[in-house]
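Everything on this sheet refers to the single structure shown next.
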């Protein structure tokens, strides 16, 4: 970056729903301050400007599902000093990673009249499986407050900090009664990274694991606990294979559970 020039920011999308990019637009008033501090070189969700790299910061939403995605991602990495992934798709393959345990060719034959037109990889994989990621923001969608904190940290030259504890801590802080203990509702809160404000438990729903595994998560232990409370193996697998099912921790636990004797 040239001396006194604004940091160059680019926002890219792979296979995703655009929800994480929209969280940047949802910052509204704060977005004006951000736009005043950086040069937004590429962000099709909000501007037609399309400036080539290099970029100081690239935000990447979405998982890698096609060869085109992969080639594009590598080009983004080459042209970016700092690469930050946004959300469950970019960090763990997203809901589309459900196909990773099935036959993608069977899916295309069942859904598309002309499956030969579909050019896709066998699996949906996270960005970090292919290139170096400098920082990851979790969620489905991500928290706009966390996104603002990370961008602010980068602008002032400090390392970003996000919570690494579980959703259970957020439940305790907000006074939300544990749905697992009090009502026997299947919940991934004990192994899921905080950041959502314990949104689902506050509405008497179990955590779906949108923010992915917390630091030092122990999903095997939680699986045993859930089934000891009467949660079926199928329901436990459904939770593990959901939003962050492509993460190493959740995927490994699901594979062990599938192989375990009934």
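The values are calculated or read from the model by the stated rules, or taken from the named source; none is laboratory data. Remember, it's a predicted structure, so these values are computed and weren't measured experimentally. Virtual Cβ from ideal backbone geometry, glycine too; neighbours counted across all protein chains shown.
State whether one or more residues within the range 138-161 are in contact with a strand residue (DSSP E or B) (Cβ under 6 Å, 6 or more places away or on another chain), in contact (Cβ under 8 Å) with a residue 12 or more places away in the chain and either over 30 Å from residue 199 (Cβ atoms) or in a strand (DSSP E or B) (or both).
Checking the range 138-161: at least one residue is in contact with a strand residue (DSSP E or B) (Cβ under 6 Å, 6 or more places away or on another chain), in contact (Cβ under 8 Å) with a residue 12 or more places away in the chain and either over 30 Å from residue 199 (Cβ atoms) or in a strand (DSSP E or B) (or both).
Which one is surrounded by the most Cβ atoms within 10 Å (Cβ to Cβ), of the residues in the range 215-230 that are more than 16 Å from residue 248 (Cβ to Cβ) and within 26 Å of the chain's Cα centre (by Cα)?
Restricting to residues being more than 16 Å from residue 248 (Cβ to Cβ) and within 26 Å of the chain's Cα centre (by Cα), the top hit is 226.
Answer yes or no: is there a residue in the range 239-249 that is exposed (fewer than 12 other Cβ atoms within 10 Å of the Cβ) and touching a helix residue (DSSP H, G or I) at 6+ places or on another chain (Cβ under 8 Å).
No, the range 239-249 has no match at all.
Tell me yes or no: at least one residue of the range 108-129 is under 24 Å from residue 17 (Cα atoms), assigned to a strand (DSSP E or B) and touching a strand residue (DSSP E or B) at 6+ places or on another chain (Cβ under 7 Å).
Yes, because at least one residue in the range 108-129 is under 24 Å from residue 17 (Cα atoms), assigned to a strand (DSSP E or B) and touching a strand residue (DSSP E or B) at 6+ places or on another chain (Cβ under 7 Å).
Which of the residues that make up the range 252-262 are in a helix (DSSP H, G or I) and in contact with a helix residue (DSSP H, G or I) (Cβ under 8 Å, 6 or more places away or on another chain)?
Scanning the range 252-262 gives 252, 253, 254, 256, 257, 258.
Just one of 206, 212, 157 is closer than 28 Å to residue 134 by Cα and surrounded by 14 or more Cβ atoms within 10 Å (Cβ to Cβ); which is it?
Being closer than 28 Å to residue 134 by Cα and surrounded by 14 or more Cβ atoms within 10 Å (Cβ to Cβ) holds for just one of 206, 212, 157, which is 212.
So if I check each of 86, 121, which one is closer than 27 Å to residue 163 by Cα and either crowded, with 17+ Cβ neighbours inside 10 Å or touching a residue at least 24 places away in the same chain (Cβ under 8 Å) (or both)?
Going through 86, 121 in turn, just one is closer than 27 Å to residue 163 by Cα and either crowded, with 17+ Cβ neighbours inside 10 Å or touching a residue at least 24 places away in the same chain (Cβ under 8 Å) (or both): 86.
Considering only strands (runs of 3 or more DSSP E) fully contained in the range 29-100, which possess at least 1 residues that are closer than 22 Å to residue 195 by Cα and assigned by TED's automatic domain parsing to the domain that holds residue 147?
Strands (runs of 3 or more DSSP E) meeting the threshold: 55-61, 80-86.
Only one residue in 45, 28 is on the phi > 0 side of the Ramachandran plot and either crowded, with 17+ Cβ neighbours inside 10 Å or out of contact with any strand residue (DSSP E or B) (no Cβ under 6 Å at 6 or more places or on another chain) (or both). Which one?
Going through 45, 28 in turn, the sole match is 28.
Would you confirm, using the coordinates I've provided, whether residue 197 is on the phi > 0 side of the Ramachandran plot, in contact (Cβ under 8 Å) with a residue 24 or more places away in the chain and not assigned by TED's automatic domain parsing to the domain that holds residue 65?
yes
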